[in-house]
1. Can you name the number of the only condition in (1) open to solvent by 30 Å² or more (accessible area, probe 1.4 Å); (2) in a helix (DSSP H, G or I) that A5 fails?
2. Tally the residues that are of a type outside the set (A, V, I, L, M, F, W, C) and either open to solvent by less than 40 Å² (accessible area, probe 1.4 Å) or in contact with a strand residue (DSSP E or B) (Cβ under 8 Å, 6 or more places away or on another chain) (or both), restricting the search to the range 117-138.
3. Of the conditions (1) in contact (Cβ under 8 Å) with a residue 12 or more places away in the chain; (2) among the polar types (S, T, N, Q); (3) out of contact with any Leu (no Cβ under 6 Å at 6 or more places or on another chain), T199 fails just one. Which one is it?
4. Do we have any residue at all in the range 60-75 that's under 22 Å from R11 (Cβ atoms), outside any strand (DSSP E or B) and of a type in the set (S, T, N, Q)?
5. Out of the residues in the range 267-300 that are part of a helix (DSSP H, G or I) and among the β-branched types (V, I, T), which is farthest from Q191 (Cα to Cα)?
6. Does the range 300-314 hold any residues that are over 16 Å from the mean Cα position of the chain (by Cα) and among the aliphatic types (A, V, I, L, M), and which are they?
7. Report whether or not S145 is polar (S, T, N, Q) and farther than 25 Å from A111 by Cβ.
8. Looking at (1) among the small types (G, A, S); (2) buried (at least 17 other Cβ atoms within 10 Å of the Cβ); (3) modelled with pLDDT under 85, find the lone condition where S38 falls short.
Amino acid sequence: MEEEATLGNDRASLARLTARYRGVLAVMEAGAHSPWVSRYLEGLDWQVIVSNPRKVRAIYQHERKSDRRDALMLARIGRMDRALLYPVRHGSEEAQQDLLRIKLRDSLVRARVALINSVRFSLKSLGYAVSNPSSERFHKVAMESLPEVVREMIAPSVQALAELSGRIAVLEREISVLARTKYPQTLWLQQVPGVGAITALYFVLKIEDPRRFAKVRDVGAFLGLCPRRNQSGENDPQLRITKRGDPYLRRLLVSAAQYILGPFAPASALRQYGLTLAAEGTARAKKRAVVAVARKLAVLLLSLWKNERSYVPFPQFS
C-alpha cells in the first residue's frame, strides 16, 4: 500500500499515525527535531532510521530537489539498503538535556563577547582609551576614568554584562558539579592539561559509549578532524579537514590544542609533536599543527576513558 500525506510535527499527530500503522519502519533526515521524534516513535514500537543528509548524494544533489522528492527518495533507499542512508545515532534525552546546558553557557559567552565589542567600539569612537581585562572582569573596570555623561551612556550595557557574567559563572559551577557527580568518567579526561570540565563533559556526552569505535583512531574522523581525500590514479592532493560531526566539540578540542601548544602548557609528547609540525613558523604550518594536535588529543581522551588509565605525558618512556 502506498500513501502520501503531510503530517504535523507534534506528538499528537505522530500518535495518530502510529495508531494506524503498527510497528513499521520510519526513515527521516537528521535535523533539529529528529532526536525527539525518533525517540518518540521508537517508544511506540516503530523502527526508526535517521539518515545523514550530508551523505545521501542522491538527495542533496538532485537537480529538482523538494521536500516531497526527498521523502520519496528516503523511503525507496530505506526499502532497498539501509546502509546507503548512513544512519545517525542520536543520544538519549537525558544526555541531550545535559548537552543543552553547555550549549546555553556557550550562547551566553557569545552574547557577552558581542556586548563587550559594542562597548569597546562606542568608547573608542569617543576617543577614550579602553583597558583590556578578561571578559569576566570587563564590567568591573569598563567605566573607570570616564566622564559622568559617558558612564551614563554605557551603564545599561555594563549592567547587562555583569548579569551575563554572573549567569555564566553559575552555569560553569553547575557543569563542573554535573561532570564530577553524574559523569565521573570525565575525571579521566581532565587529567590532560588544557581539558577542563566543559570539554570533558561535552566529549563524554557526544560519544556516550567509548566502545562504539572499533579503533580509537576512528574518533578523529567522527569529529571531522581528518583530511578529505580525492585520490584518483597518481593524483592524491592534500585537502582540508572534513569538518564533519559536532562543530562545538571540534572547537573545544582545537581550543585545548592551542593551550597545549601555548607558552604555559607543561611538556608532553603531544606538545612536542605539535611544535615539531609548527617548526616552519608559517601561519599555515601552525594551523595544521593545531588541528593535528586536536585530532591526537581526541584519540588520547577516548583511550583514557576506554581503558580507565592515568595520563602519562611521555608514554614512550613510561
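The values are calculated or read from the model by the stated rules, or taken from the named source; none is laboratory data. Bear in mind that the values here come from a model prediction, so they are computed numbers and not experimental data. Positions of Cβ are backbone-derived with ideal geometry, glycine not excepted, and every protein chain shown enters the neighbour counts. Keep in mind that these areas ignore ligands, DNA and RNA; they rest on the heavy atoms of the full protein, side chains included. Shrake-Rupley method; radii C 1.70, N 1.55, O 1.52, S 1.80 Å.
1. Of the numbered conditions (1) open to solvent by 30 Å² or more (accessible area, probe 1.4 Å); (2) in a helix (DSSP H, G or I), the odd one out for A5 is (2).
2. 2
3. Every listed condition holds for T199 apart from (3).
4. Scanning the range 60-75 turns up no residue that is under 22 Å from R11 (Cβ atoms), outside any strand (DSSP E or B) and of a type in the set (S, T, N, Q).
5. Step by step, filter the range 267-300, then rank; the result is T276.
6. Taking the range 300-314 and keeping what is over 16 Å from the mean Cα position of the chain (by Cα), we get 300, 303-314.
Those that are over 16 Å from the mean Cα position of the chain (by Cα) and among the aliphatic types (A, V, I, L, M): L300, L304, V312.
7. Considered against the rule, which asks whether it is polar (S, T, N, Q) and farther than 25 Å from A111 by Cβ, S145 comes out as yes.
8. (3)
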